[in-house]
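Beneath this line is the structure, given in structure tokens, with notes to follow.
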Amino acid sequence: MKCSRCKATACVSLPSHHSGFCPDCFKLFFTRQVETAVRREKMFTRDERILVALSGGKDSLALMLELSSQGYDVTGLHIDLGIPDSSEKARAKVEAFCASRGLRLEVFEMAKWGLPIPDVKRFSTRPVCAVCGKLKRHHFNRIALAGGYDALATGHNLDDEVARLFANTLRWDVGYLSDQGPALPAREGFVRKVKPLFRLSEFETANYAFLQGIEIHSDPCPYASGASFTGHKELWGELEHRSPGQKFQFYQGFLQRGRRAFAALDKAEGDVLAPCTACGSPTNAGVCSICRIRESIREKKLEAGEA
Ligand code: Q46
Ligand code: ZN
């Protein structure tokens, strides 16, 4: 196969774009997709400071590299979850990546904050991933606001977004459906959140990371449960195989036609938020769920004689 742009030998075939690219032209394709995402969704400008959530996986590191190479003012943020054998490796990959490319990095340690994820797994009655995800989102938002960043960028790709949209649709979850999208504006207590890779598939970000020589952390988290998202991704892989471009059409159609309808519905049911009386994060419950989780695990640890 020949590169659709320069006619050299192609190394990546992209049926959904009816194209194939050589390494240089693939990089250009990737850059253009990110530029289009940032411009059309008005994600941020070159004068703004962007905090990039870095897990150590291919998507977040690809995002960081691409935004910095486009001249954006980026700082990485890694949350060390404190999971034995796993978190050290992820953190080492992120630190080596940022150090080798001269990129700024902040690291936040869940253990120092008093709640490493293994404690959540042992003492919480809720599924560990639900709590872990909530804690990560809380700290990303809190640290971005405290640091005066204009936006928080995450490495969600098209497959992530489609799997999430599909799951929310299966449940007709109005709250999530009204809130899902590649750019959520800032509002009281919440930083602007953006997903500049939303036009690119997982296959494309993996290729980018590989061709750019990024060393990624690819071991699965030992607590991952093979959640429903994985099954949804497989289903969508099948649909995309039969009809290339389906994923993007589904997501784009939702953004153009579906989201507004759900936002109108959600407004009617919407909650009034006020700062948490303990930590100041926005909540509709006096003390926020993060503070309640932290307190209940602290009590359970005390009962077990471990604190
Ligand atoms: S949520 Fe669950 Fe992840 Fe947290 S406990 Fe591991 S798998 S890291 S994306
Ligand atoms: Zn709180």
Do any trypsin sites (Lys or Arg not before Pro) in segment 69-123 lie in a loop, going by DSSP, with at most 15 other beta-carbon atoms within 10 Å of their beta carbon, and if so which?
LYS112
Given H placed on each backbone N at 1.01 Å, which residues far from SER19 in sequence or on other chains put an amide H within less than 5 Å of it?
LEU14
Phi-based couplings in Hz for segment 196-206 (Karplus 6.51, -1.76, 1.60; Gly and Pro marked x)
x, 9, 5, 8, 10, 7, 4, 4, 6, 5, 5
Whole-Hz ³J(HN,Hα) for each residue in segment 184-195, computed from phi via Karplus 6.51 cos²θ - 1.76 cosθ + 1.60 with θ = phi - 60°, x for glycine and proline: what do you get?
10, x, 5, 8, 2, x, 10, 6, 5, 10, 9, 10
Please list, or write none, the lysines whose alpha carbon is within less than 25 Å of the alpha carbon of LYS301, excluding same-chain residues fewer than 8 places away.
LYS112, LYS121, LYS134, LYS136
Would you work out which of HIS138, ALA99, LEU115 lies farthest towards the positive end of the dipole of segment 72-193? Charges go on Cβ: Lys and Arg +1, Asp and Glu -1.
LEU115
Along its principal axes, what span do the Cα atoms of segment 216-306 show, with the longest given first and each in whole Å?
56, 41, 22
Check: the chain dipole with +1 on Lys, Arg Cβ and -1 on Asp, Glu Cβ, in debye:
560
Identify the residues of segment 144-162 with backbone N under 14 Å of a label point that sits 7 angstrom from the Cα of PHE229 along the Cα-to-Cβ direction, or state none.
154-162
With the cut-off at 1.5 for a/c, could you classify segment 23-270 from its C-alpha gyration tensor as rounded, prolate or oblate?
rounded
Return the long-range amide H neighbours of LEU77 (sequence gap of 5 or more, or a different chain), with a cut-off of under 5 Å between placed amide H atoms.
VAL52, ALA53, LEU54, GLU106
Hey, rough spin-label estimate for GLU306 and LEU239, points 7 angstrom out along Cα→Cβ, what's it come to in nanometres?
4.1
When DSSP assigns beta bridges and you keep just the ones with both residues in the chain, what percent turn out antiparallel, to the nearest 5?
35
FRET E, pair LYS2, LYS121, Förster distance 45 Å, beta-carbon r, rounded to 0.05
0.35
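Coordinate-derived values only; no laboratory data. These numbers were taken from a predicted model, which means no experiment stands behind them. Note that each Cβ is placed from the backbone with ideal geometry, even for glycine, and that neighbours are counted across all protein chains shown.
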